[in-house]
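J.: Quick one: the structure is below, questions incoming.
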Amino acid sequence: MPGISVILAGAMRIRLLILLTDLEIGGVPLFVKDLAGGLAAVGSPSGAEQIQESSCPSGAIAEPIVTRKDTDTFQVRVACLAREGPVAQEIRRHGIVTHCLGARGPWDIRVFYRLAKVIGAFQPHILHCCLVHANVVGSIVGRFLDVPCVFASIHTAERGKLWHLTAENLTCRWSRTTVCVSKSVSRHVERLAHIPAARLRIIPYGINCRRFADARAVNLTDLGLKPARKTLVFVGRLDPVKAVDVLLNALSELVWEKKLNLQLLIVGDGPERQRLQQLTLKLKLSDRVCFCGARRDVERLLKSAEIFVMPSRWEGLPLAAVEAMAAGLPIVARRTEGLVDVVDHGSTGLLTPLEDVTELTQAIEKLIIDPNMAQRFGRAAQNRAFRKFSTSVMINNYVDLYKGLLRRSR
C-alpha cells in the first residue's frame, strides 16, 4: 500500500468534538482514546512519528506506514454522556480536554443542555458521535446549534432492539455521512435501518499492534493455572451475546471427553459473570478456568495463551480479536457479523457455523493437536493485523474523512 499524503491549501485549526456514550473500559472508549490522541498529533512537528507504528515482527510483512504532510492541525475534545469513567483520565493524559456530562440513565434529558454548553463554548467544526445514544443526542443538539458538520458512527450490528434501528435510521439521515466499523455493520444498517449504501463509509478500528506483538506473558501460576497446560483465552464483556457459556461447554468436552490438557483465561466482566462461574463449577472446571475480570494488561494475558476463542453470536468489529491477532494468536470463532471481516478462514484462524457448537469444539481441537498449523495461522493473523488494523491507517482514514466533509460544508 503506497504512502498517503494530503496537503490542503491554507492551514487551519480544525476543532473536533468526539461524543460517545460512556468512558468505561471497553472497545469504543479505547478506540476514541487512540483516535483522539492520534489526531492531536496530526500536523505537529513529530506528528508523523507519533501516529506511525514500527514494522511488523521479523519474518512478517511490514505494516504499510502511512505518513502525512499536514499543514492543518486538530484541536480535539472528547465528551461522554455518562459519569466519569476510567478511560477519561487516559484521554486527559494526552492533554485532551474531556467532559463527562453525568447522565444517570439513558433517558436523562439534562445531557442535551450540558452538551449544548460544551458545544457553545468550544464551537467545533465537526461533531463526531459514537454509539446510538450519543448519535441521537449529538445529532439533535448539533443540528439545533448549527454545528457545520455532524456525523454518526455505528459500531455494532445490534439485533433485537427496534428502537436502536429507528434511532439509527433518523441519525443517519441527519448526518453528513455515517461511519460503520466493518462491512458487516454497513450491510446490517443498509438492510435493517434502510440507509442507502452511498451514505455509509467503512473505517475499521485501528490498534497499536506493536504493543501486543512485543508484550511479555504473565506468569500463569499467579493466576492459579498451570504453565504445562495449553491455554485458551477469551477477551470481552461477559454478556449473553458473547456466548461464553458455549466456550465453557466446549472446554468441558475437550477436557473430559477428548482428554486434552487445556485451561482457559476469561478476561472481562459483565452481567453474566456469576452465571458463568456457576456453570464452571457445574462442569468441574474450576481449576482450569480463571475469571480475570477487567484488566489493563490484556496484551500480556494474550501472550500467555495458544489460541484465542470468540464464540459471539454477533459483533460489530471485534477489537479483542484484532488485538489477539496482533499478539500472534490464531483465532477460533463462529461465522457471524464482524468476525467474518476480521478472520480469514483457513489462513488466520477457523470460522465455524453459528448454530453448530460441535464444530467450534472440533476447530479448537484441530489447532491444539496441530501446533504447526496454529503457529502458521498466528503468524498470518499478526501480519493481517499490522496491515489492515493499525492505528496509523485508522487515523489517516479519519483525517481524510474529516477534511472531505469540511470541504463539502464550505
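J.: About its Cα centre, what dipole magnitude does segment 252-348 give when the only charges are +1 on Lys and Arg Cβ and -1 on Asp and Glu Cβ, stated in debye to the nearest 20? Walk me through the numbers on the way to the answer.
T.: Numbers: 14 positive and 13 negative charges, 89 e Å.
With only Lys, Arg, Asp and Glu charged at Cβ, the dipole is about 420 debye.
J.: Under the Karplus relation 6.51 cos²θ - 1.76 cosθ + 1.60, θ = phi - 60°, what is the ordered set of whole-Hz ³J(HN,Hα) values for segment 229-236, x standing for Gly and Pro?
T.: Once θ is set to phi - 60°, the couplings for segment 229-236 become 7, 6, 10, 9, 9, 10, 10, x Hz.
J.: Expressed as an acute angle from 0 to 90° and rounded to the nearest 10, what is the orientation of the C-alpha long axis of helix 132-144 relative to the principal long axis of the chain?
T.: In the chain, helix 132-144 runs at an angle near 0 degrees to the longest axis.
J.: Dipole magnitude of the chain about its Cα centre, charges +1 at Lys/Arg Cβ and -1 at Asp/Glu Cβ only, in debye to the nearest 20? Numbers along the way, then the final one.
T.: Numbers: 55 positive and 38 negative charges, 155 e Å.
Around 740 debye, computed over the chain.
J.: Here's something else I'd like to know. Dipole of segment 210-388, Cα-centred, from +1 at each Lys and Arg C-beta and -1 at each Asp and Glu C-beta, to the nearest 20 debye?
T.: Value, rounded to 20: 520 debye.
J.: In the chain, if the dipole is taken from +1 on Lys/Arg beta carbons and -1 on Asp/Glu beta carbons about the Cα centre, which of L329, A36, Q375 is farthest to the positive end?
T.: My answer, from the dipole projection, is A36.
J.: Sorted from largest to smallest, which semi-axis lengths in Å does the alpha carbon gyration tensor of the chain give for its equivalent ellipsoid, taking the root of 5 times each eigenvalue?
T.: 37, 24, 19
J.: Okay, moving on. Which one of F291, G270, P227 is farthest out on the positive end of the charge dipole of segment 210-388, using unit charges on Cβ (Lys, Arg +1; Asp, Glu -1) and the Cα centre as origin?
T.: Sorting the options by dipole projection puts first P227.
J.: Here's another thing I want to ask about it. Based solely on its DSSP helices, what 222 nm [θ] is calculated for the chain when runs of n ≥ 4 H residues each add -39,500 (n - 2.57) and the sum is averaged over all residues, nearest 500 deg cm²/dmol?
T.: -12000 deg cm²/dmol
J.: Hey, another quick one. Putting +1 on Lys and Arg Cβ atoms and -1 on Asp and Glu Cβ atoms, find which of G349, I307, L360 reaches farthest to the positive end of the dipole of segment 210-388.
T.: Projecting each Cα onto the dipole axis, the largest value belongs to I307.
J.: Separate question: Report the dimensions of segment 211-364 along its three principal axes from the alpha-carbon atoms, largest first, rounded to Å.
T.: 35, 35, 30
J.: Taking Cα centroids, how far is segment 83-156 from segment 324-360 in Å?
T.: First find each Cα centre; the distance between them is then 34 Å.
J.: I'd like the FRET efficiency for Y113 and R335, computed as 1/(1 + (r/R0)^6) with the beta carbon distance as r and R0 of 45 Å, rounded to 0.05.
T.: After rounding to 0.05, the efficiency reads 0.50.
J.: Calculated FRET efficiency, H345 and D146, Cβ-Cβ r, R0 45 Å, to nearest 0.05?
T.: Details: r = 48 Å, r/R0 = 1.06.
Result of the calculation: an efficiency of 0.40.
J.: Give me the one-decimal nm value for the distance between modelled label points at R300 and K183, 7 Å along each residue's Cα-to-Cβ direction.
T.: Calculated label separation equals 3.8 nm.
No lab work stands behind these numbers, since they all come straight from the coordinates. Since we're looking at a predicted model, the values are computed, not measured. A quick note on method: Cβ atoms are made from the backbone with ideal geometry, for glycine too, and the neighbour counts reach across all protein chains shown.
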